[in-house]
Amino acid sequence: MEISLIISTFNRKHLLIPLLYILEKQTLKNFEVIVADDGSTDGTVEEVQKIADNLSYDLQIVTQENMGFRVASSRNNGARAARSRQLVFMDDDCRPDEIFLESYHSAFSEKHLLRGDIIFVPSFEKQEHVLFIYPANPETGLWGANFSLAADLFWKVGAYEESFINRSGEDSDLQLRLWRSGIDTIAVKGAHVYHLGRPTAGRNWF
């Protein structure tokens, strides 16, 4: 297993399930997907379990009790279930190109944070209509929607801080601890994702 892709989700199986089928087209084949569910109540868990055997890659879902917005602990749950040395984080409202995982795998470093651009679009059918591009560079705040790092490094800096409940800032907190540990960022060409909608207001940018 070369890469563990962790996908955060909550009550959006209408976005998640198509994404899981799209991942079949990845040029890198030796990967696993862990769906990190934050206590969905729309049948997400059952739907993922139902299609798991129909996919060419290993798929599992980890879930937790619905106790408010707890994406930080949900992502940690996904990372705990991962079996590879490289973690990639993405959200359910994203779509990657076919070389997404291969690009991250080729750039893998045990001592760097890897990031790809986040391209905001009005719909996945109109990806050429770009609303905004959030660039992958050290000057921009980290988004859990698209980044990669070594599993050992993720746990060494303390993973996600799980006290972030019903509020954002968990990504910026992780980035700050990586920065304080002397971890530099590498922007990875080809590792971009298309993100549905516009950037969320109120993010804690660096």
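The values are calculated or read from the model by the stated rules, or taken from the named source; none is laboratory data. Everything numeric here is computed off the predicted structure, so don't read it as measured data. FYI the Cβ positions are ideal-geometry reconstructions off the backbone, even for glycines, and counts take in every protein chain you see.
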Residue among 41, 63, 27 that alone is touching an Asp or Glu at 6+ places or on another chain (Cβ under 9 Å), among the hydroxyl-bearing types (Ser, Thr, Tyr) and farther than 21 Å from residue 154 by Cβ: 27
Scan segment 25-48 and report the pairs whose first residue is assigned to a loop (DSSP other than H, G, I, E, B) and whose second residue is small (Gly, Ala, Ser), with Cβ atoms within less than 6 Å and a gap of 6+ or a chain change. 38/74
Which of the residues that make up segment 111-137 are assigned to a loop (DSSP other than H, G, I, E, B) and not small (Gly, Ala, Ser)? 111, 117, 122, 127, 128, 129, 130, 131, 135, 137
Quick one: residue 64 ticks every box in (1) more than 16 Å from the chain's Cα centre (by Cα); (2) under 27 Å from residue 123 (Cα atoms) bar one, so which box is it? (2)
Here are 74, 8: which of them is within 14 Å of the chain's Cα centre (by Cα), assigned to a strand (DSSP E or B), touching a residue at least 24 places away in the same chain (Cβ under 8 Å) and within 22 Å of residue 149 (Cβ to Cβ)? 8
Residue 58 fails exactly one of (1) surrounded by fewer than 20 Cβ atoms within 10 Å (Cβ to Cβ); (2) under 17 Å from the mean Cα position of the chain (by Cα); (3) of a type in the set (D, E, K, R); (4) more than 17 Å from residue 3 (Cα to Cα), namely (4)
With the first residue restricted to segment 166-191 and required to be farther than 28 Å from residue 95 by Cβ, and the second required to be surrounded by fewer than 16 Cβ atoms within 10 Å (Cβ to Cβ) and of a type in the set (Ser, Thr, Tyr), Cβ contacts under 9 Å at 6 or more apart or on different chains are none
Flagged in segment 77-110 as closer than 21 Å to residue 9 by Cα and part of a helix (DSSP H, G or I), in numbering order, are 77, 78, 79, 80, 81, 100, 101
Count of residues meeting criterion [surrounded by fewer than 19 Cβ atoms within 10 Å (Cβ to Cβ) and either touching a His at 6+ places or on another chain (Cβ under 6 Å) or under 24 Å from residue 143 (Cβ atoms) (or both)] in segment 64-81: 7
Could you list, in sequence order, all residues of segment 134-143 that are at pLDDT 95 or above and surrounded by fewer than 17 Cβ atoms within 10 Å (Cβ to Cβ)? 135
Could you check how many residues of segment 144-185 are part of a strand (DSSP E or B) and surrounded by 18 or more Cβ atoms within 10 Å (Cβ to Cβ)? 6
